[in-house]
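Comments concern the structure below.
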Amino acid sequence: MKSTLKIILSLLLLSSNIGLAQKSDDIVNQIVAEANGNSQLEILAHELMDIVGPRLVGTPQMKAANDWAIATYRKWGIEAINEEWGTWRGWERGITHIDLVSPRVTTLQGMQLAWSPGTKKKGVTAEMIILPLVQYSIAFKNWLSNVKGKFVMVSMKQPTGRPDNNWEEFATEDSFEKMKKEREEQIHSWRQRIRNTGYSSRTINKVLENAGAVGIVQSRWSNGFGVNKIFSANTDKIPVIDLSLEDYGMLYRMTENGAQPKIKVIAESKELGVVPTFNTIATIPGNELPNEYIILSAHFDSWDGATGATDNGTGTITMMEAARILKKVYPNPKRTIIVGHWGSEEQGLNGSRAFVEDHPEIVEGLQAAFNQDNGTGRVVNLSGQGFLHAYDYLGRWLESVPESITDHIKTNFPGTPGGGGSDYASFVAAGAPAFSLSSLSWSYWNYTWHTNLDTYDKIVFDYVRNNAILTAILAYKASEDPEKTSRVKSVLPLDKRTGEQRTWPNPRSPNRKGGQ
Ligand SMILES: [Zn+2]
């Protein structure tokens, strides 16, 4: 009798354990099934990259993205708001059209930089002049009057438009080494050329503008076929345009050899005064511990040389898709799940720093934040960011993630706290557990990061899906965890460079009045 009871009791216990395990696995299984069987990633990417387009802070497209996110969340039954945290110089990119008009006619590949002043409607047609090689700044001052009425070329002419891996594949070692050596010398002497003017590459454009140049022409090659970095102009009246490596090289050779090339530039852009800037915040309220939070984090803004597909369109749609799936299969989370789509990360983590400053109660209650911001690849690295016990809870949560995903992830515990790079750093600096879901590069640094080629075609949806599943499961497990996560900081190692003990990064205030 006694033993029978024991058996029955233990059977009951066993079955209730199975029941529990079954229940939690069920949600994980449902997350995986929803992500694979009903993926919304392709349509989200289309709407964000193709329809909304680039998302430079202070532009109408950025605001359109904020509004699109809210409408999308509402469709899924998730509350979302645009939270204003500052203002920015309002600017809108229009068309750029650049033609060679003499000694022959052809359309050139290039565009105005962000915040570039526009031209008149008919455009500007003028000859080119190359920044001269002078010995002293006084000689440069004497030369300056030559820029009047001309486009000034301020970049070095690259010796090759082939990326190094292409040389590696086809060149003999001798010629590859020779090219690299010559290029090094050229880079060095171009730096010297700029230094001898008495200005830096940052300050010289304004000097040329004040001396009467009609525009600045540059080419900021990104070390791959057909790819340039597109950052911002720093002039007040004249356009700054970036040309493709070869169009720039051709104009340079023509100018050097006395062919007196003329180009016509039409650059339309609009100044829109001072405009408000936002974070879009979506919330799935917690049931049991509403004042503890999981944050799914990705910056929403981009540079505007292309459509910001991998920086950070993919991080953005990863978090949206994870939130959509969670809302569907785990609608009543234990803790509150927030999605933070930060503004103006590109100018210094401004949106997330503002959020940390404005919401100390959320930072205080943060269970974990997961940020993704380095391209379309599958997540391969996860660091504990210096939190001593990150191994315990992240390790526990990862156990529920399918091996097909975790097999690729290298963990590093306790790791060291990230001081910048992306928005997790804003939370880490405040001592709150935030982590970077760091992905495989897929040639991110040369081909898509801040370039003219960061477009929809570079997205590898299988891995974005992989990352959405990972994020959703981590968020679910972090929400359900019986314990609040520890914030104990590890003792940081010595800085190899200075020999001194590294210190935890300090919180920094955002720029709330950008570009004004
Ligand atoms: Zn980014």
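Restricting attention to the stretch 333-347 and to residues that are assigned to a loop (DSSP other than H, G, I, E, B) and within 12 Å of the ligand (Cβ to nearest atom), the residue that is farthest from Glu79 (Cα to Cα) turns out to be Gln347. When Ala322 is tested against (1) under 28 Å from Val488 (Cα atoms); (2) in contact with a Ser or Thr (Cβ under 7 Å, 6 or more places away or on another chain); (3) small (Gly, Ala, Ser), just one condition goes unmet, and that condition is (1). Whether a residue is touching a residue at least 40 places away in the same chain (Cβ under 8 Å), open to solvent by less than 10 Å² (accessible area, probe 1.4 Å), within 13 Å of the ligand (Cβ to nearest atom) and at negative phi was assessed, and Phe300 passes this test. Taking Val464 as the residue in question, decide whether it is at negative phi and either open to solvent by less than 10 Å² (accessible area, probe 1.4 Å) or within 16 Å of the ligand (Cβ to nearest atom) (or both). Taking the combined requirement at face value, the residue satisfies it.
Yes/no per residue for (1) surrounded by fewer than 13 Cβ atoms within 10 Å (Cβ to Cβ); (2) at pLDDT 95 or above; (3) closer than 30 Å to Ser116 by Cβ; (4) not hydroxyl-bearing (Ser, Thr, Tyr):
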residue: Glu127; (1), (2), (3), (4): no, yes, yes, yes
residue: Asn146; (1), (2), (3), (4): no, yes, yes, yes
residue: Pro159; (1), (2), (3), (4): no, yes, yes, yes
residue: Glu168; (1), (2), (3), (4): yes, yes, no, yes
residue: Lys178; (1), (2), (3), (4): yes, yes, no, yes
residue: His188; (1), (2), (3), (4): yes, yes, yes, yes
residue: Asn196; (1), (2), (3), (4): no, yes, yes, yes
residue: Ser200; (1), (2), (3), (4): yes, yes, yes, no
residue: Ile204; (1), (2), (3), (4): no, yes, yes, yes
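Filtering the stretch 307-332 to residues that are away from the ligand (no atom under 13 Å from the Cβ) and under 17 Å from Tyr444 (Cα atoms) leaves only Thr307.
Of the residues making up the stretch 429-451, none is within 16 Å of the ligand (Cβ to nearest atom), in a helix (DSSP H, G or I), in contact with a strand residue (DSSP E or B) (Cβ under 7 Å, 6 or more places away or on another chain) and open to solvent by less than 50 Å² (accessible area, probe 1.4 Å). Taking Asn234 as the residue in question, decide whether it is part of a loop (DSSP other than H, G, I, E, B) and at pLDDT below 95. Here the answer is yes, as Asn234 does meet what is asked.
Every residue, every condition in (1) in contact with a Leu (Cβ under 6 Å, 6 or more places away or on another chain); (2) crowded, with 20+ Cβ neighbours inside 10 Å; (3) modelled with pLDDT of 95 or more; (4) under 26 Å from Asp301 (Cα atoms), yes or no:
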{"site": "Gly215", "(1), (2), (3), (4)": "no, yes, yes, no"}
{"site": "Gln218", "(1), (2), (3), (4)": "no, yes, yes, yes"}
{"site": "Ser222", "(1), (2), (3), (4)": "no, yes, yes, yes"}
{"site": "Met254", "(1), (2), (3), (4)": "no, no, yes, no"}
{"site": "Gln260", "(1), (2), (3), (4)": "no, no, yes, no"}
{"site": "Lys264", "(1), (2), (3), (4)": "no, no, yes, no"}
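I'd like to know if the stretch 247-254 contains one or more residues that are within 30 Å of Asp457 (Cα to Cα) and within 16 Å of the ligand (Cβ to nearest atom). Within the stretch 247-254 (the criterion being within 30 Å of Asp457 (Cα to Cα) and within 16 Å of the ligand (Cβ to nearest atom)), the answer is no, since none of the residues qualifies.
Go through the residues of the stretch 102-109 one by one and say whether even a single one is among the hydrophobic types (A, V, I, L, M, F, W, C) and either modelled with pLDDT of 95 or more or within 26 Å of Met320 (Cα to Cα) (or both). Yes, the conditions are met somewhere in the stretch 102-109. Just name the residue that is nearest to the ligand (Cβ to nearest atom) out of those in the stretch 378-399 that are over 15 Å from Tyr424 (Cα atoms) and aliphatic (A, V, I, L, M). Across the stretch 378-399, the extreme among qualifying residues is Val379.
Just so you know, in the stretch 402-424 the residues that are crowded, with 19+ Cβ neighbours inside 10 Å and more than 19 Å from Thr314 (Cβ to Cβ) include one that is farthest from the ligand (Cβ to nearest atom), and it is Pro414.
Pairs linking a residue in the stretch 458-484 that is farther than 13 Å from Ile325 by Cα to a residue that is among the small types (Gly, Ala, Ser), with Cβ atoms under 6 Å and 6 or more positions apart or on different chains, are Lys458/Ala309; Ile459/Ala45; Ile459/Ala309; Tyr463/Gly377; Lys477/Ser400; Ala478/Ala368. With the requirement that a residue be surrounded by 24 or more Cβ atoms within 10 Å (Cβ to Cβ) and among the polar types (S, T, N, Q), what does the stretch 328-368 give you? Those that are surrounded by 24 or more Cβ atoms within 10 Å (Cβ to Cβ) and among the polar types (S, T, N, Q): Ser344, Asn350, Ser352, Gln367.
Remark: Gly395 falls outside the filter, which requires a residue to be modelled with pLDDT under 95 and of a type outside the set (A, V, I, L, M, F, W, C).
The set of residues in the stretch 473-516 that are more than 28 Å from Gly286 (Cβ to Cβ), open to solvent by 70 Å² or more (accessible area, probe 1.4 Å) and more than 25 Å from the chain's Cα centre (by Cα) comprises Val491, Leu494, Lys496, Arg497, Thr498, Glu500, Gln501, Arg502, Thr503. Look at (1) away from the ligand (no atom under 16 Å from the Cβ); (2) surrounded by fewer than 24 Cβ atoms within 10 Å (Cβ to Cβ); (3) not aromatic (Phe, Trp, Tyr) and you find that Thr455 fails only one, number (1).
The number of residues in the stretch 87-122 that are part of a loop (DSSP other than H, G, I, E, B) and open to solvent by less than 20 Å² (accessible area, probe 1.4 Å) comes to 3.
Inspection of the stretch 369-377 finds no residue satisfying the criterion of being away from the ligand (no atom under 16 Å from the Cβ), open to solvent by 20 Å² or more (accessible area, probe 1.4 Å) and in a loop (DSSP other than H, G, I, E, B).
For the stretch 348-355, check the following and say yes or no: at least one residue is among the polar types (S, T, N, Q), over 17 Å from Leu470 (Cβ atoms) and part of a helix (DSSP H, G or I). Yes, the stretch 348-355 contains at least one residue that is among the polar types (S, T, N, Q), over 17 Å from Leu470 (Cβ atoms) and part of a helix (DSSP H, G or I).
The values are calculated or read from the model by the stated rules, or taken from the named source; none is laboratory data. Not measured: the values here are computed from a predicted model. No Cβ is skipped: glycine too gets one built from the backbone with ideal geometry, and neighbour counts run over all protein chains shown. Ligands, DNA and RNA are excluded from the accessible area calculation, which covers all protein heavy atoms including side chains. Shrake-Rupley method; radii C 1.70, N 1.55, O 1.52, S 1.80 Å.
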